[in-house]
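The values are calculated or read from the model by the stated rules, or taken from the named source; none is laboratory data. Because the structure is a prediction, the values reported are computed rather than measured. So basically every Cβ, Gly included, is an ideal-geometry build from the backbone, and we count neighbours across all protein chains shown.
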Amino acid sequence: MSQAEKLIIFDTTLRDGEQSPGASMTKDEKVRIAKALERMQVDIIEAGFPIASQGDFESVQAVAREVTGSTICGLARALDKDIDRAGEALKEATSARIHTFIATSPIHMQMKLRMQPDQVVEQAVASVKRALRYTDNVEFSPEDAGRSESDFLCRIIEAVIDAGATTINIPDTVGYNIPLQFGELIRSLRERIPNSHKAIFSVHCHNDLGLAVANSLSAVANGARQVECTINGLGERAGNASLEEVVMAVRTRQDVFRCDSRLDSTQIVNCSRLVSSVTGFPVQPNKAIVGANAFAHESGIHQDGVLKSRETYEIMRAEDVGWNANRMVLGKHSGRNAFRSRLQQLHISFGSEEELNEAFARFKELADKKHEIFDEDLQALVSETRDVDERHAARLVSLKVCSETGETPTARIILSVEGEEYSGKASGGGPVDAAFKAIECILQTHSNLQLYSVNSITSGTDAQGEVTVRLEKAGRIVNGQGADTDIVIASAKAYLHACNRIVLPAERAHPQTGEV
């Protein structure tokens, strides 16, 4: 595939996706997702914003060390300290990229940066040159390009390409553009900038108006050869362009697009499930490509057509995006080796035998409640096992709830905290509310419940319920997840998980703030 025919996929799930409120990931979770992206043959993985916190630095460092099949990228503002920190985090990467940016729209330059245009150009050029000390793969983004003046964009982009930038990313930072306008912007920049042929043009679109994928595709049709996107469209506010939708739109409509990615699309569904499990952000059933109903047909006319010829109502094969995976493999009589083998097939590994043994014990408990164990159950089980591996975390020992018609529901709970057991009792508007209040009686986090969401992991009346709880305290937002065949217990697990996270210190800075 020639350079003109190759569409580079730049995944920013670990960086921009993590900026979704409550979607913060641990270092181990980031590595786990990065390995899944590597298996999917994503070209570039933006692993984080190294200067944001020590945790972010260590996460980028770990991903750079563990992943060899994809280029690992670190984000840096156009500041010396940011670029040096990114260079240090990427030192062990087989292939590294530094992505530096500075705002270029009038409102951002005036209100946020408080800089004159000449100063912005000077700082952008200096940042690219400094990044070249660490790698010859440097990407530059004029932040809020979608609202920037075209003449100024041409000026600053020409200058940074002369300075050595090899990729120019045009971000629609606030999701303001529409497809016709955005595609024309990309075409115009490529035509007007004298040295545009020396760099690959990229796009990074946000979904505030629901147009992120459409804008990205319009840009590709007008010569962009890199798209920055996330799994499931994860991201701050309304999210980013969805990787799976961009990739499959280009691949399905080769009559329109003169390029394609190298992505192994059969890994899409598994990667989608992993990101959903780690972040606690469920995938809506009617989500394109990865939603549970994406290839389901209820209409009699549709069913008849598909039975006669799949192409009558399906423009792509479910198998091509990973829906043909062998899902049900284990039960209560399955042994430890079968359990380990299936986890290996799902590319799930453990750092120690102790972790594996704990996961297997949870599997046996689940198998006693649920006859058939699906891959989705295993993903949830393993995520839960790792999430409670904190030395000082409170753990659920027992929960008893009483709920009957005409009576106020009550809950009695016992938690273990650093080896000591504590009990609490509370009443509430329902059994879940009572359980949450009983936990709060013990832990006294004084946090605010912002979201309570329940989803079925698999089908059937014995399916595990997966609960997501979002808590807020003093401006800090965290998600908690829990899974169980008993939805009240799953809810208590999720709330407890969120409580454990809310007490951890928040050190991470937002990449678009002016100071760290």
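With the structure loaded, tell me whether Leu180 is in the same structural domain as Arg253 (by TED's automatic domain parsing) and within 21 Å of His99 (Cα to Cα) or whether it fails that test. Taking the combined requirement at face value, the residue does not satisfy it.
Residues in segment 240-258 that are part of a loop (DSSP other than H, G, I, E, B) and closer than 19 Å to Met40 by Cβ: Ala241 only. Flag not set for Asp136, criterion: crowded, with 24+ Cβ neighbours inside 10 Å and of a type in the set (D, E, K, R).
Screening Val203, Val269, Val275 for residues that are modelled with pLDDT of 95 or more and assigned by TED's automatic domain parsing to the domain that holds Ala34 leaves exactly one candidate, Val203. In segment 361-376, the residue that is nearest to Asp484 (Cα to Cα) out of those that are surrounded by fewer than 19 Cβ atoms within 10 Å (Cβ to Cβ) and not charged (D, E, K, R) is Ala367. Starting from residues that are touching a residue at least 60 places away in the same chain (Cβ under 8 Å) and buried (at least 20 other Cβ atoms within 10 Å of the Cβ), keep the ones in segment 247-258 and report whichever is nearest to Phe295 (Cα to Cα). Within segment 247-258, the match that is nearest to Phe295 (Cα to Cα) is Met248.
Suppose we keep only residues that are over 15 Å from Asn169 (Cβ atoms) and in contact with a Ser or Thr (Cβ under 7 Å, 6 or more places away or on another chain) within segment 221-234. Which one would you say is surrounded by the most Cβ atoms within 10 Å (Cβ to Cβ)? This residue is Ile231.
For (1) touching a Gly at 6+ places or on another chain (Cβ under 9 Å); (2) under 18 Å from Ser216 (Cα atoms); (3) in contact (Cβ under 8 Å) with a residue 40 or more places away in the chain; (4) hydrophobic (A, V, I, L, M, F, W, C), each residue gets a yes or a no:
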{"position": "Met111", "(1), (2), (3), (4)": "no, no, no, yes"}
{"position": "Pro117", "(1), (2), (3), (4)": "no, no, no, no"}
{"position": "Ala124", "(1), (2), (3), (4)": "no, no, yes, yes"}
{"position": "Tyr134", "(1), (2), (3), (4)": "yes, no, yes, no"}
{"position": "Phe140", "(1), (2), (3), (4)": "no, yes, yes, yes"}
{"position": "Ala145", "(1), (2), (3), (4)": "no, yes, yes, yes"}
{"position": "Thr166", "(1), (2), (3), (4)": "no, no, no, no"}
{"position": "Arg190", "(1), (2), (3), (4)": "yes, yes, no, no"}
{"position": "Asn195", "(1), (2), (3), (4)": "no, no, no, no"}
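Taking the numbered list (1) modelled with pLDDT under 95; (2) aliphatic (A, V, I, L, M); (3) buried (at least 20 other Cβ atoms within 10 Å of the Cβ) in turn, Ile439 passes all entries but (1).
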